[in-house]
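Step one of this worksheet: look at the structure below.
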Amino acid sequence: MTTDEERAPADSQAFWTGLRSFTQARIGLGRAGDALPTRRVLEFAAAHAAARDAVHIPLEVPALCARLAELDVGAPVHIRSRARDRAEYLRRPDLGRLPAVDPDEGGPARLAHSGADIGLVLADGLSARALITHGPPTVAALLEVLRPHWSIAPPVVATQARVALGDHIGAALGVTTVLVLIGERPGLSVADSLGVYLTHRPRPGRTDADRNCVSNIHPPEGTGYRRAAEVVAALVAGARRLDRSGVTLKDTSRDAIPPGPSGRLSGGEAG
């Protein structure tokens with residue numbers, strides 16, 4: 001069957017083709033009778049399957065730790081949340097925010113107090129695929145902009161983890177600021193988006209109002225690694241100046257972004 005999209009005038013097809021280059025949203029899909037064209041239905045089904053896989057496929061911890069070890073930032077330590085498996089993690093978000101109690105099961109007691117300025121936590125979140133794909137290059141970009149100014153603790157890999165688990169890890173490490181790199185909830189356009197959550201003076205009981213987030217890290221369509229790192233560096237500098245992070249920090253982050261290679265300020269505020 002010939003679809004409306006195929007029958008559309010060339011200028012109309014060119015319009016939608018050009019517009020699609022600016023967004024990953026599904027626009028101008030066309031019709032085949034009273035339904036979507038078969039190709040569009042199959043694309044939707046594939047995207048839905050990718051999103052489901054991103055949520056359920058477990059993180060390959062040894063592979064991630066091996067890649068982190070290549071960055072010369074210290075030996076990674078594996079920490080688990082109180083959620084025993086993926087099914088419980090999805091049903092009980094509260095357990096994903098709490099660390100395992102027994103050190104042998106991945107409790108924070110296995111962490112050494114570092115007293116470093118910054119702690120890095122790499123958490124699977126809702127997309128282990130995002131962490132495997134974008135975690136190591138994001139860490140590499142962060143080290144490039146942060147290490148000349150601040151000390152950084154060895155990285156921590158956290159599984160079945162929510163963002164707030166980073167507060168427990170940061171407190172155990174004794175760091176001033178914790179950065180949680182976590183796989184974001186996948187959608188039907190992007191299944192491998194990474195976010196970086198910053199909490200200054202982390203401790204159990206911190207809320208989302210105490211954090212800043214740089215999200216949508218998945219080049220080439222999303223935020224690039226270097227840009228994300230520069231915004232995070234700005235937020236770290238602002239947090240140390242104000243001695244707090246969260247809603248108060250947002251309006252001042254641009255002023256703290258260090259110059260890029262060209263000498264100009266780059267990056268932007270975190271949402």
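Matching residues to (1) farther than 17 Å from residue 69 by Cα; (2) within 22 Å of the chain's Cα centre (by Cα); (3) at pLDDT 95 or above:
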{"position": "104", "(1), (2), (3)": "yes, no, no"}
{"position": "114", "(1), (2), (3)": "yes, no, no"}
{"position": "129", "(1), (2), (3)": "yes, yes, no"}
{"position": "139", "(1), (2), (3)": "no, yes, yes"}
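Could you please find all residues in region 34-60 being open to solvent by less than 40 Å² (accessible area, probe 1.4 Å) and in a loop (DSSP other than H, G, I, E, B)?
Correct list: 37, 59.
Being of a type in the set (Asp, Glu) and in contact with a helix residue (DSSP H, G or I) (Cβ under 8 Å, 6 or more places away or on another chain) is a property that holds for residue 53. Test residue 117 against the criterion of being open to solvent by 10 Å² or more (accessible area, probe 1.4 Å), in contact (Cβ under 8 Å) with a residue 12 or more places away in the chain and within 20 Å of residue 60 (Cα to Cα), and give yes or no. Answer is no for this residue. Output yes when any residue across region 149-169 is under 21 Å from residue 237 (Cβ atoms) and part of a strand (DSSP E or B), and no when none is. For region 149-169, residues under 21 Å from residue 237 (Cβ atoms) and part of a strand (DSSP E or B): present. Summed over region 189-225, the residues that are over 15 Å from the mean Cα position of the chain (by Cα), surrounded by 19 or more Cβ atoms within 10 Å (Cβ to Cβ), charged (D, E, K, R) and part of a loop (DSSP other than H, G, I, E, B) give a count of 1.
Scanning region 21-30 turns up no residue that is open to solvent by less than 80 Å² (accessible area, probe 1.4 Å), outside any loop (DSSP other than H, G, I, E, B) and not basic (Lys, Arg). Of the candidates 244, 254, 201, 211, the single residue that is touching a His at 6+ places or on another chain (Cβ under 8 Å) and either closer than 21 Å to residue 163 by Cα or at pLDDT below 95 (or both) is 244.
Going through region 97-108 one residue at a time, which ones are touching a strand residue (DSSP E or B) at 6+ places or on another chain (Cβ under 9 Å), open to solvent by 80 Å² or more (accessible area, probe 1.4 Å) and farther than 10 Å from residue 80 by Cβ? Spell out how you get there, then give the answer.
Taking region 97-108 first, the residues touching a strand residue (DSSP E or B) at 6+ places or on another chain (Cβ under 9 Å) are 97-100, 105-108.
Those left that are additionally open to solvent by 80 Å² or more (accessible area, probe 1.4 Å): 97, 105.
Result: 97, single match.
The values are calculated or read from the model by the stated rules, or taken from the named source; none is laboratory data. These numbers were taken from a predicted model, which means no experiment stands behind them. FYI the Cβ positions are ideal-geometry reconstructions off the backbone, even for glycines, and counts take in every protein chain you see. Quick note on the areas: whole protein, heavy atoms, side chains included, nothing else; ligands and nucleic acids left out. Shrake-Rupley method; radii C 1.70, N 1.55, O 1.52, S 1.80 Å.
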